[in-house]
Amino acid sequence: MISKDDIKKLSSLSRITISEKEEEKLAKDMEGILSYVGQLSEVEISDRGVSKEKSELKNIMREDVISNNYNIVANDILKESPKLKGDYIVVKKIL
Amino acid sequence: MSKKLNELYVIEAKKLLEKKEISSVDIVNACINEIKNRNESLNAYLEVFDDCLDSAKAADTSRDMGNDGALLGIPLAIKDNILIKGKKVSAASRILEGYRATYDATAIKRLKDGGAIFLGRTNMDEFAMGGSTENSGFGVTKNPFDESRVPGGSSGGSASALASNMTLAALGTDTGGSVRQPASFCGIVGLKPTYGAISRYGIIAMGSSLDQIGPMTKTVGDAELIYKIISGRDELDSTTIEIKESKTKNNKIGVPWHFLNEGIDKDVLENFKLSLKKLESLGYEVKEVELPMIKYSLPVYYIIMGAESSTNLSRYDGVRYGKRMEGNDLMEDYTNTRALFGDEVKRRILLGTYVLSAGYYDAYYEKAILVREEIKKDFAKVFEEVDFIATPTAPTPAFKIGEKINDPVTMYLADIFTTPANITGLPALSLPSGFSKVDDKKLPLGIQFTGPTLSEFALFELGKKFLGEENV
């Protein structure tokens with residue numbers, strides 16, 4: 001059973017404000033989804049090996065060098081922040 | 001010429017442009033006219049770029065100067081979760097309203113290098129979470145075949161824009177069927193490539209072990225052309241792989257009948273059987289195959305996708321980009337900002353947080369990872385017997401707007417046939433296969449072919465034969 005308290009806990013873990021009204025609906029939805037995905041418990045895994053199909057993945061390595069023009073890229077990225085002071089992103093103090 | 005310019009296939013437009021019988025400006029104008037006619041009611045585009053005509057003029061000038069490019073002057077629509085430098089991109093979420101991309105996605109860069117024009121960005125389910133485009137923060141998109149119905153999702157805007165001739169082709173992304181299912185609902189071609197075939201650099205991440213960009217087109221030839229341009233290794237995405245021409249034999253098709261028993265619309269099943277007859281008449285051998293684990297694909301998908309998206313979406317904190325909703329302290333800034341997520345996104349973040357949390361990790365997330373390997377083994381075994389696996393793309397034709405929105409599990413079941421390809425990383429192609437007549441309206445249906453790793457070119461060959469396209 002997913003209770004409203006579970007939803008409160010999850011909303012705090014995931015850093016999302018959830019209203020009282022939403023809590024009830026979310027608890028009901030989560031209950032339905034978890035009971036659906038819970039059918040995996042019936043699967044017995046005998047051989048925990050990875051699949052035989054060989055992976056095509058290979059690491060891509062590159063030199064650890066800056067390939068961008070720092071000033072241009074940093075400025076573009078900074079401009080997207082909701083609150084700036086000079087070259088700094090402004091957040092509320094945490095101490 | 002009987003067709004209007006905005007109705008041309010990409011390959012047709014390319015030939016006419018090369019012969020200079022038409023200009024890119026002509027095509028883009030034709031698309032813009034159609035957008036003026038239909039976008040207000042369909043809501044397929046969230047934004048039409050104000051520089052698309054300028055880009056078309058530049059493409060025409062470039063051609064006059066003797067330049068060429070695989071897509072020079074061809075207009076495309078781009079899903080709102082693929083970054084184009086300097087353009088707004090929001091993943092249809094209020095949390096990213098106003099954000100402008102600071103760089104090009106690799107697929108976009110390759111299209112630009114090929115001379116393509118971007119008409120605008122298309123609507124989608126918020127953060128690509130949904131199968132109907134109803135979860136957009138900017139209104140639902142409608143199906144051009146019946147405006148009371150959904151276009152599918154999450155790439156519903158791209159599918160609707162293409163099916164209504166408001167573009168010549170489009171890009172979507174596919175995490176659990178988000179290219180193929182709307183392609184099926186809107187009567188077009190949609191490809192989910194092999195995982196790693198197309199770079200994920202510059203797409204707004206959802207489930208990183210599942211996400212792939214895919215072309216949405218009117219013909220298989222068009223899909224192949226776009227796939228060739230945007231696929232291949234990219235040093236900015238370490239999961240990309242080298243594209244090799246597959247040497248798959250191309251004559252045996254397997255059907256997992258045991259998976260097609262429940263919950264399938266009668267017309268869908270009837271149409272699927274007709275498609276199989278057609279394949280036999282084209283010389284393919286159709287036989288039954290067993291995929292005992294395939295039925296677990298959807299639960300595995302929802303656990304892995306939830307886990308991966310809850311971590312991927314932790315970056316939306318109101319600090320670095322998008323919107324910030326102020327609170328009394330920094331923590332409240334975070335939690336209030338993240339309350340901007342829509343219902344489905346919240347649901348999936350909470351689900352992902354749950355399956356990853358201590359006490360539930362083993363039963364859900366770890367179990368899903370193990371079952372995922374079992375599903376892969378099933379497919380590998382079947383591909384020793386057959387060259388492709390066929391199923392319907394979706395269990396039903398397009399459903400009514402509002403019909404499933406209040407019941408998440410019913411909505412998720414629309415992905416039943418498409419999630420296996422994401423779970424296994426295998427390529428899958430959805431093709432239009434006919435129509436179902438509902439309430440006097442013709443609703444498109446689709447058939448899906450899944451092949452072994454990197455069998456895209458074999459899938460294209462099969463697709464062209466199935467649709468009767470020339471130049472096979």
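The values are calculated or read from the model by the stated rules, or taken from the named source; none is laboratory data. What you see is a predicted model; the values in this text were computed from it and never measured. Backbone-built Cβ (ideal geometry, glycine too); neighbour counts: all protein chains shown. With ligands, DNA and RNA removed, areas are computed over all heavy atoms of the protein, side chains included. Shrake-Rupley method; radii C 1.70, N 1.55, O 1.52, S 1.80 Å.
Data for the structure
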{"quantity": "Highest average packing first - B:74-85, B:202-213, Cβ atoms within 10 Å", "calculated": "B:74-85, B:202-213"}
{"quantity": "For the stretch B:355-472, radius of gyration divided by Kirkwood radius, i.e. Rg to Rh on alpha-carbons", "calculated": "1.06"}
{"quantity": "Per-residue [θ]222 nm for chain B (sum of -39500 (n - 2.57) over DSSP H runs n ≥ 4, rounded to 500)", "calculated": "-11000 deg cm²/dmol"}
{"quantity": "Other protein chain Cβ atoms within 10 Å, averaged over every residue that makes up A:57-68", "calculated": "3"}
{"quantity": "Charge-dipole axis of chain B as Lys and Arg at +1 and Asp and Glu at -1 on Cβ define it, positive-most pick from B:LEU236, B:SER430, B:THR396", "calculated": "B:SER430"}
{"quantity": "10 Å Cβ neighbours from other chains, averaged over peptide B:373-384", "calculated": "3"}
{"quantity": "Accessible area per residue in Å² at 1.4 Å probe, computed on the protein assembly as shown", "calculated": "41"}
{"quantity": "Separation between Cα centres of the stretch B:311-327 and the stretch B:453-468, rounded to whole Å", "calculated": "42"}
{"quantity": "Cβ-based charge dipole, chain A, positive-most Cα from A:LEU95, A:ASN59, A:LEU40", "calculated": "A:LEU95"}
{"quantity": "Unit charges on C-beta of K, R, D, E only; dipole of the stretch A:4-44, Debye", "calculated": "260"}
{"quantity": "Mean separation of Cα contacts under 8 Å (6+ apart) over length of chain B, as relative contact order %", "calculated": "17"}
{"quantity": "Charge context of B:PHE145, other residues only, Cβ under 15 angstrom, K/R +1, D/E -1", "calculated": "+3"}
{"quantity": "Debye log10 I(q)/I(0) for chain A, one point scatterer per Cα, at q = 0.11, 0.25 Å⁻¹", "calculated": "-0.85, -1.28"}
{"quantity": "Cross-link table B:LYS88/B:LYS192; B:LYS79/B:LYS192; B:LYS79/B:LYS218; B:LYS377/B:LYS464, entries beyond 19 Å C-alpha to C-alpha", "calculated": "B:LYS88/B:LYS192; B:LYS377/B:LYS464"}
{"quantity": "Cα-centred dipole magnitude for the protein assembly as shown, charges only on beta-carbon of K, R (+1) and D, E (-1), debye, nearest 20", "calculated": "640"}
{"quantity": "All lysines inside 20 Å of A:LYS58 as judged from Cα atoms, apart from same-chain residues fewer than 8 positions distant", "calculated": "B:LYS244, B:LYS376"}
{"quantity": "Set of lysines with alpha-carbon distance to A:LYS28 below 26 Å, sequence-local pairs under 8 removed", "calculated": "A:LYS4, A:LYS8, A:LYS9, B:LYS295, B:LYS346, B:LYS367, B:LYS400, B:LYS404"}
{"quantity": "Stokes-Einstein diffusion coefficient of the stretch A:4-44, Kirkwood radius over Cα pairs, 25 °C, 0.890 mPa s, in µm²/s", "calculated": "219"}
{"quantity": "Alpha-carbon gyration tensor eigenvalues x 5, square-rooted, for chain B, Å", "calculated": "30, 30, 21"}
{"quantity": "Prolate/oblate/rounded label for the stretch B:72-188 (Cα gyration tensor, a/c 1.5)", "calculated": "oblate"}
{"quantity": "Cα convex hull of the protein assembly as shown - mean projected area over all directions, nm²", "calculated": "27.1"}
{"quantity": "Residue (of B:TYR412, B:TYR364, B:TRP257) at the positive-pole extreme of the protein assembly as shown, dipole from beta-carbon charges", "calculated": "B:TYR412"}
{"quantity": "Kirkwood Rh (inverse of mean 1/r, distinct Cα pairs), the stretch B:195-300, angstrom", "calculated": "17.2"}
{"quantity": "Computed magnitude of the charge dipole of chain B (debye, nearest 20; Cβ of K, R +1, Cβ of D, E -1)", "calculated": "460"}
{"quantity": "Fraction of accessible area attributable to carbon and sulfur, the protein assembly as shown (%, probe 1.4 Å)", "calculated": "49"}
{"quantity": "Solvent-accessible area buried by A and B, counting both chains, probe 1.4 angstrom, square angstrom", "calculated": "5200"}
{"quantity": "For the stretch B:245-365, the spread of Cα positions along each principal axis, largest first, Å", "calculated": "69, 37, 33"}
{"quantity": "Where N is the number of residues in the stretch B:1-115, Cα Rg divided by 2.2 N^0.38 Å", "calculated": "1.12"}
{"quantity": "Nearest-10 value in Å² for the accessible area of B:MET331, using the 1.4 Å probe", "calculated": "90"}
